[in-house]
Amino acid sequence: MVFSRYIATRGFLAALTVVGLAALPQTAQAQRISGVTASSNMGSFSSTNIANTVNGVGLDSLSLTANHAVANFGDYWLSSFGAATGIIDFDLGGLYDVSGFSFWNARDVVQTETGIRGVAVTFSTNGSSFFSALGTPTEFAQATTSSATNAPEIFSFSPVSASYVRFTVTSNWGNPNLTGFNEVGFSGTVSTPSSVTPELPGAMQLLPALLPVALIGARKRFKKA
Ligand SMILES: [Ca+2]
């Protein structure tokens, strides 16, 4: 009798554990979001292409801590001449919980003054209405020329559910006509909308957890019979 009560208690505790595990939020390690595309209303200078700021070209690895080579026209982007401020949009290719980004400001063989300085970072789920979030930067540092390569500025903030990120560029580090940057990489995990959770009635949701208890009860009754 004592033993069967012990078994029943263990079964109940196991059921509680199952309930507890089911209630835990799914946590995944944030990593570089791949497949991001970029566009801008600031145009493109010469043969520079804004695609080369999100595809990893120029980085020594596809990571958020990589170094970027001193840029040339083939691996970074500059705005059209005279369009030093404007909007840069990033399409993440899906809904993510964005928790930060790494940013490699403009550094080419000529200068770093084209780098973005004043910026507003906003987010969107539909690509048309954008909202701000706490903890995002309002200024990017001017790239340093003290090392052979370009290290990123790494920003992190509370996860924001978004499919699009917008940089609104308000100034650069001194070039009157051109603004650009070498690369950006966003950090996040695929966002799982809460609506995916099965909408079962409350008692139904407990069924898997209560099953061990029910089985033990049935076994006890079978032993008594
Ligand atoms: Ca690049």
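Taking 7 Å steps out from each Cα toward its Cβ at S124 and V109 produces label points 3.8 nm apart.
Could you list which residues have their amide H under 5 Å from that of R107, counting only those 5 or more apart in sequence or on another chain, with H placed in the peptide plane? Sorted by chain and number, the residues that satisfy this are A71, N182. For segment 46-82, list residues with backbone N below 17 Å from a point placed 7 Å from the Cα of F155 toward its Cβ? Under 17 Å, as judged by backbone N against the label point of F155, lie 53-54, 64-65 of segment 46-82.
Remark on Y76: its backbone amide H falls under 5 Å from those of N49, a criterion applied only to residues 5 or more positions apart or on other chains, H modelled at 1.01 Å from N.
Averaging the sequence gap over all C-alpha pairs within less than 8 Å and six or more residues apart, then dividing by the number of residues, gives segment 31-191 a relative contact order of 35 percent.
Round to a whole angstrom and tell me the spacing of the C-alpha centers of segment 40-78 and segment 129-155. Value for the Cα centre distance between the two parts: 15 Å. Once both labels are positioned 7 Å from their Cα atoms along Cα-to-Cβ, the gap between S132 and T85 label points is 1.6 nm.
Note on segment 22-159: Cα Rg divided by 2.2 N^0.38 Å, N the number of residues, gives 1.09.
Read-outs throughout are calculated quantities, based only on the coordinates presented, and are distinct from any laboratory measurement. Keep in mind that this is a model prediction, so the values were computed, not measured. Because the Cβ atoms are built from the backbone with ideal geometry, glycine has one as well, and the counts that use them run over all protein chains shown.
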